[in-house]
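The values are calculated or read from the model by the stated rules, or taken from the named source; none is laboratory data. This one's a predicted model, so the numbers in the text were calculated from it and none came from an experiment. We place every Cβ from the backbone using ideal geometry, glycine too, and count neighbours over all the protein chains shown.
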Amino acid sequence: MTIHQSPETVEPEVAPPPHGAPAFKSRHAETIALHGGSFRFDPTSGAVAVPIYQTSSYQLPGTEGADKLFALEAAGHLYTRVSNPTQDAFEQRLAELEGGAAALALASGQAASAFAILNLARSGDNIVSSAGLYGGTWALFAATLKTFGIETRFVDAEDPEAFARATDERTRAYYAESLPNPKLEVFPIAEVAAIGRRHGVPLIVDNTAAPLIIRPLEHGAAIVVYSTTKYIGGHGTSIGGAIVDSGTFPWTEHRERHPNLHEPDPSYQGKTWIEKADAIGFHPYILRARAVLLRDLGAAISPQNAFQFIQGLETLPLRLRQHNENAEKVAEFLKGHPKVERVIFPKFQEGEAKARAERTFKPGTYGALVGFELKGGREAGRRFIDNLQLFYHLANIGDARSLAIHPSTTTHSQLSIEDQLSTGVTPGYVRLSIGLEHPDDLIADLDRAIGLS
Ligand code: PLP
């Protein structure tokens with residue numbers, strides 16, 4: 001198994017370039033997206049694109065070497081359920097791009113959020129989560145984790161102190177989405193992360209909707225999770241997820257708070273994960289997630305999908321720029337349309353929500369999700385969707401293609417009208433995920449469909 005470190009501390013796994021120059025280090029996302037991590041070229045073939053290492057297992061280096069690998073005393077791959085070189089290259093690049101120390105790629109975004117919590121919480125423990133969550137995460141926390149004995153205390157993100165009030169000695173993590181939809185109000189990452197650090201509770205942020213344009217680790221979050229299925233993949237071809245560890249959370253100062261890291265693990269020579277990680281210079285949180293949860297629960301990403309996400313990462317900064325630019329044009333168009341009641345877009349928010357958006361987003365960006373409400377309500381929403389020619393009607397975000405959905409009759413249709421309203425879904429609300437087509441075409445498609453709604 002290879003367990004990755006920040007680029008500063010990692011031992012390169014491949015030979016340095018033939019001219020012997022040290023690896024180029026950049027601060028710029030555009031460069032890191034193409035060169036981040038220790039992979040430079042395949043040492044056997046010289047291939048520059050990261051190969052798809054389509055193998056389930058690996059030749060062991062003799063019995064003594066195997067002993068060390070199995071005991072996590074040496075780096076190397078054993079079995080693709082736990083690690084794989086293509087996955088490794090993706091994880092290193094993603095960690096570097098996020099400003100983190102190490103990452104773990106998984107089979108889906110759902111696996112990433114589940115692992116992020118299960119790595120810290122056991123039966124009898126609790127987490128405090130913002131109520132502004134993707135429906136799948138809500139179901140995981142409210143129903144499935146509950147059956148595991150893990151309680152989720154949902155609080156309103158508008159009141160950061162609510163996280164402190166909901167905390168007790170069994171609270172193991174705080175959880176939130178950086179840009180939850182449909183409200184599209186940026187989460188107070190810095191405020192809640194600071195509360196968490198006072199209590200020894202790490203803030204885990206799902207940054208799926210805003211990679212690169214919101215940088216949760218810079219605002220104090222301890223862990224970032226992604227559904228890489230969305231912008232990171234970008235082409236709508238693959239399901240995947242990832243956890244990025246900042247490497248800065250002071251676990252050792254909070255022994256009682258984090259028993260999973262501080263109690264001896266009988267399956268690893270009775271050592272604690274803090275000791276185990278310390279002995280080999282790794283980060284305990286991400287080491288345990290891989291060595292325990294991937295080993296036992298097995299939600300491994302396939303080498304093929306890890307490769308697809310590397311392709312996605314390479315153009316992520318460029319794509320995000322265009323997504324943002326297109327979304328702003330579309331939002332401005334909708335704002336001026338007589339049949340549109342209201343446009344939900346961070347640029348148009350007011351008060352604290354706007355101030356938070358301005359201090360959290362990369363300057364000049366507001367993301368590529370745009371909500372709007374048609375004056376004609378539910379029936380107008382349905383007619384609008386049926387008249388789209390370019391936008392796809394589907395329940396996803398972050399694709400290169402533009403997507404639209406009418407939540408009241410689809411994703412939120414199981415909820416009562418009152419519950420729909422409390423999550424921000426009004427009968428005429430439509431959510432758009434703005435893609436990379438020419439903005440004039442997007443506006444023409446919307447104009448026509450709104451006209452017929
Ligand atoms: N987090 C967010 C914000 C999402 O939108 C989604 C999926 O829509 C997920 C997590 C779950 O990701 P996946 O579908 O890759 O399991």
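The table that follows gives values for the structure above.
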item	result
Filter result (among the hydroxyl-bearing types (S, T, Y) and part of a loop (DSSP other than H, G, I, E, B)) within the stretch 384-426	S402, T410, T411, S413, S416, T423, T426
Scope the stretch 98-115; condition within 16 Å of the ligand (Cβ to nearest atom) and in a strand (DSSP E or B); matching residues	A103, L104, A105, L106
Residue selected from the stretch 17-31 under the condition part of a loop (DSSP other than H, G, I, E, B) and surrounded by 12 or more Cβ atoms within 10 Å (Cβ to Cβ), by the criterion modelled with the lowest pLDDT	P17
Residue, nearest to P85 (Cα to Cα), within the stretch 52-73, restricted to residues that are in contact (Cβ under 8 Å) with a residue 60 or more places away in the chain and part of a loop (DSSP other than H, G, I, E, B)	Y53
Residue match in the stretch 49-61 (condition: assigned by TED's automatic domain parsing to the domain that holds R93 and modelled with pLDDT under 90)	yes
Selection status of I223, out of contact with any Gly (no Cβ under 8 Å at 6 or more places or on another chain), of a type outside the set (K, R), closer than 28 Å to G132 by Cα and surrounded by 22 or more Cβ atoms within 10 Å (Cβ to Cβ)	yes
Qualifying position, being assigned by TED's automatic domain parsing to the domain that holds L104 and either of a type in the set (D, E) or under 17 Å from S83 (Cα atoms) (or both), among V225, V244	V244
I239 buried (at least 23 other Cβ atoms within 10 Å of the Cβ) and either touching a residue at least 60 places away in the same chain (Cβ under 8 Å) or outside the structural domain of E437 (by TED's automatic domain parsing) (or both)	no
The lone exception for A157 - which of (1) out of contact with any Asp or Glu (no Cβ under 9 Å at 6 or more places or on another chain); (2) more than 20 Å from R257 (Cβ to Cβ); (3) more than 12 Å from the ligand (Cβ to nearest atom) it fails	(1)
Count of the stretch 116-156 residues which are outside any strand (DSSP E or B) and in contact with a Lys or Arg (Cβ under 9 Å, 6 or more places away or on another chain)	11
Pick from the stretch 117-139, criterion modelled with pLDDT under 95 and surrounded by fewer than 20 Cβ atoms within 10 Å (Cβ to Cβ), ranking: farthest from the ligand (Cβ to nearest atom)	A131
Close pairs from the stretch 305-321: first touching a residue at least 40 places away in the same chain (Cβ under 8 Å), partner among the hydroxyl-bearing types (S, T, Y) and surrounded by fewer than 24 Cβ atoms within 10 Å (Cβ to Cβ), Cβ under 6 Å, at least 6 apart	N305/S238; Q308/T237; Q308/S238
Verdict on A89 being under 20 Å from T228 (Cβ atoms) and surrounded by fewer than 22 Cβ atoms within 10 Å (Cβ to Cβ)	no
Residue selected from the stretch 356-382 under the condition assigned to a loop (DSSP other than H, G, I, E, B) and more than 15 Å from the ligand (Cβ to nearest atom), by the criterion farthest from P180 (Cα to Cα)	G376
Close pairs (6 angstrom Cβ cut-off, 6 or more residues apart or separate chains): closer than 14 Å to T208 by Cβ in the stretch 94-120, part of a loop (DSSP other than H, G, I, E, B) and modelled with pLDDT under 95 anywhere	none
Matching residues, the stretch 152-162, being over 22 Å from Y226 (Cα atoms) and surrounded by 18 or more Cβ atoms within 10 Å (Cβ to Cβ)	P160, A162
Test result for I385, touching a residue at least 60 places away in the same chain (Cβ under 8 Å), β-branched (V, I, T), buried (at least 16 other Cβ atoms within 10 Å of the Cβ) and within 16 Å of the ligand (Cβ to nearest atom)	no
